[in-house]
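Participant: Here it is, the structure, as C-alpha cells.
What follows is calculated from the coordinates using simple rules that are stated; it is not laboratory data. Treat the numbers as computed from the prediction; the structure is a model and nothing was measured. Positions of Cβ are backbone-derived with ideal geometry, glycine not excepted, and every protein chain shown enters the neighbour counts.
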C-alpha cells in the first residue's frame, strides 16, 4: 500500500474496498469494525 493511499484513508478522502479493509484489519489483528469505526455516528 502506498503512502498516498494510507493518507487518503486517514483523511477520509477514500473508502477502502472490502478486500482492502479486511487485509488492513488482519494486519493489525483487529476486527474490521474496530479499524473503521465511524466516530461521527
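Participant: By count of other Cβ within 10 Å, fewest leading, how are 7, 24 ordered?
Facilitator: Ordered by Cβ neighbours within 10 Å, fewest first: 7, 24.
Participant: Based on a Kirkwood Rh over C-alpha pairs, give the Stokes-Einstein translational diffusion coefficient of the chain at 4 °C and viscosity 1.567 mPa s in µm²/s.
Facilitator: Using the Kirkwood radius from Cα pairs, D works out to 121 µm²/s.
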